Amino acid sequence: MYIVQIASECAPVIKAGGLGDVVYGLSRELETRGHTVELILPKYDCMRYDHIWGLHDAYLNLSVPWYGAAIHCSVYCGWVHGRVCFFIEPHSQDNFFNRGCYYGCNDDDMRFAFFSKAALEFLHQSNKRPDIIHCHDWQTGLVPVMLYEVYKYHGMANQRVCYTIHNFKHQGIGGAQTLWGTGLNREDYYFQYDKLRDNFNPFALNYMKGGIVYSNAVTTVSPHHAWEAHHTDVGCGLSHTLHQHQSKFQGILNGIDYDFWNPEIDRYIPYTYTKNTFDQKIYNKKALRERLSLRDADKPIIAYIGRLDNQKGVHLVHHAMYYALHQGAQFVLLGSATEAKINAHFWHEKQYLHKHPDVHLELGFNEELSHLIYAGADMIVVPSNYEPCGLTQMIGLKYGTVPIVRGVGGLVNSVFDRDYDQNYPAEQRNGYVFYQSDNQALESALGRAIALYNHAPQEFRQLAIQGMEYDYSWNHPGAEYVEIYEGIRHK
């Protein structure tokens, strides 16, 4: 198949979050399966040009209709770690992508409405006719709308769209100007409830809703998150729309890149190891203690790696730290806060615990150190309030670092409680799960993990090795996406 990904990010050249990793990882997996994949991205002034090889002019005279006139664009082509990427650069006073940032501008709705229009116009004018157009998040929610309302009448009637939602929280809200800018125009038509009108604001258009309504297939990034979005407030107001289109909606668990996250070949850790040489992991634990000035003692190291914000259950991260210390364990934290109040709180904790021999707080993000923590820690805690997919627990499993997670989103689909999960036999369980968002629930799971480490070390070792046996690469999700593509291709 010929597949075109249209997205606002692709790691490592454009990366603000997990979206970029998914777009890159899935594209590479599809190529290894023999499919032709191209990516269409905005040409931001602040992207990592050092990750693009052979950037050259691909289509210099792309004229994109906009507000009854046209904006002249240049399209450049280059290779991002082997992936063929087209970058669209508009030449207008709007400076859509010359902002020194990817997101966060007050006209983001129009910036990405234009990008969606330009991406389709590029496919149309360059005579590219992919079997599948795969769009991601609200930024490209208008692509299927314009494809099926406009471009199918201009030689693009055979293209099919798969639309993936990575984060329901940001949906892309626009107004009538979106319609007039893109040439969709008819306000009375698109402001209907079964089209683009926001489910709660009759004067707003919802880009993500448009993506759901018009796409041939809709996915989100884990099966349990799909259920949550459909049946709980995790859908952020789109549950009814998902219900109306449930026959084409499903969750597919993201994968992680085992070329990068793999203790067998990891260049950031002093001692590589496999499940068969698991005992080498102890040397990374020793190196981690030396690096962070923790005392060398027969204690488990419990880690937290990730953002410090409400989504990640920051109140439970704080409690886990003190509970671990109270239970005679050590605690390592690596993460940066997204709010000033949370940042100040953890800086205070860092200073308060500065001389404690069993705890280290690293406030900020350090890619190299994160690898050493995964390799050196015994357990990793992931107490998220909500977690569409979650990569931390998958990385932890690969490194034989037992995850203790809250039972939400993709965490439920990847971690299976050692003591209580009846869906898996004992030899396939790989961690600990708790469900409530209070301190007692966290303690119930973390306490069981620490007790097993202290009182049955061989059983704890076996649990860690069972986690390493899971395959959370892009292999399985790649196969599932190909199945979806094949399913919609012939409709």
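The values are calculated or read from the model by the stated rules, or taken from the named source; none is laboratory data. What you are looking at is a predicted structure, and each value in this text was computed from that prediction instead of being measured. Please note: Cβ atoms are built from the backbone with ideal geometry, for glycine as well, and neighbour counts cover all protein chains shown.
Here are the numbers:
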{"read-out": "Condition check for Y59: over 16 Å from Q5 (Cα atoms), surrounded by 20 or more Cβ atoms within 10 Å (Cβ to Cβ) and among the hydroxyl-bearing types (S, T, Y)", "value": "no"}
{"read-out": "Scope segment 191-201; condition closer than 16 Å to C236 by Cα and surrounded by fewer than 18 Cβ atoms within 10 Å (Cβ to Cβ); matching residues", "value": "N199, F200, N201"}
{"read-out": "Every pair of residues 6+ apart whose Cβ atoms lie under 8 Å, when the first sits in segment 408-432 and is outside the structural domain of H231 (by TED's automatic domain parsing) and farther than 19 Å from E459 by Cα while the second is part of a loop (DSSP other than H, G, I, E, B) and among the aromatic types (F, W, Y)", "value": "V408/Y386; G409/Y386; S414/Y470; S414/Y472; N423/F416"}
{"read-out": "Complete set of residues in segment 402-440 that are surrounded by 24 or more Cβ atoms within 10 Å (Cβ to Cβ) and within 19 Å of R307 (Cα to Cα)", "value": "P403, I404, V405, R406, V408, G409, G410, L411"}
{"read-out": "Elements of type helices (runs of 4 or more DSSP H) in segment 235-337, at least 2 residues being in the same structural domain as I450 (by TED's automatic domain parsing), of a type in the set (F, W, Y) and more than 30 Å from W474 (Cβ to Cβ)", "value": "314-326"}
{"read-out": "Count - residues of segment 112-127 that are free of Cβ contacts under 8 Å to residues at least 60 places away in the same chain and in a helix (DSSP H, G or I)", "value": "4"}
{"read-out": "Which listed residue, of H81, H154, is under 20 Å from A11 (Cβ atoms) and surrounded by fewer than 19 Cβ atoms within 10 Å (Cβ to Cβ)", "value": "H81"}
{"read-out": "Selection from segment 383-410 of residues that are more than 15 Å from V317 (Cα to Cα) and either modelled with pLDDT under 95 or under 13 Å from the mean Cα position of the chain (by Cα) (or both)", "value": "P388, C389, G390, L391, M394, G409, G410"}
{"read-out": "Unmet requirement for Y193, which otherwise passes all of (1) free of Cβ contacts under 8 Å to residues at least 60 places away in the same chain; (2) touching a helix residue (DSSP H, G or I) at 6+ places or on another chain (Cβ under 8 Å)", "value": "(2)"}
{"read-out": "Lone qualifier among S92, S74 - being over 28 Å from H35 (Cβ atoms) and surrounded by 13 or more Cβ atoms within 10 Å (Cβ to Cβ)", "value": "S92"}
{"read-out": "Residue, farthest from G34 (Cα to Cα), within segment 469-484, restricted to residues that are crowded, with 20+ Cβ neighbours inside 10 Å and not small (G, A, S)", "value": "Y472"}
{"read-out": "Residue match in segment 153-171 (condition: out of contact with any Ser or Thr (no Cβ under 6 Å at 6 or more places or on another chain), without any contact (Cβ under 8 Å) to a residue 24 or more places away in the chain and over 22 Å from V482 (Cα atoms))", "value": "yes"}
{"read-out": "Selection within segment 228-256 - within 15 Å of G390 (Cβ to Cβ) and not small (G, A, S)", "value": "E228, V234, I252, L253, N254, I256"}
{"read-out": "Count of segment 382-399 residues which are among the small types (G, A, S) and surrounded by fewer than 24 Cβ atoms within 10 Å (Cβ to Cβ)", "value": "0"}
{"read-out": "Members of segment 202-253 that are of a type in the set (K, R) and buried (at least 22 other Cβ atoms within 10 Å of the Cβ)", "value": "K209"}
{"read-out": "Yes/no for L325 being over 27 Å from the mean Cα position of the chain (by Cα) and crowded, with 16+ Cβ neighbours inside 10 Å", "value": "yes"}
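Okay, residues lined up against (1) closer than 30 Å to N167 by Cβ; (2) in contact (Cβ under 8 Å) with a residue 12 or more places away in the chain; (3) of a type in the set (D, E):
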site: Y271; (1), (2), (3): no, yes, no
site: T277; (1), (2), (3): no, no, no
site: L294; (1), (2), (3): no, yes, no
site: R307; (1), (2), (3): yes, yes, no
site: Q351; (1), (2), (3): no, no, no
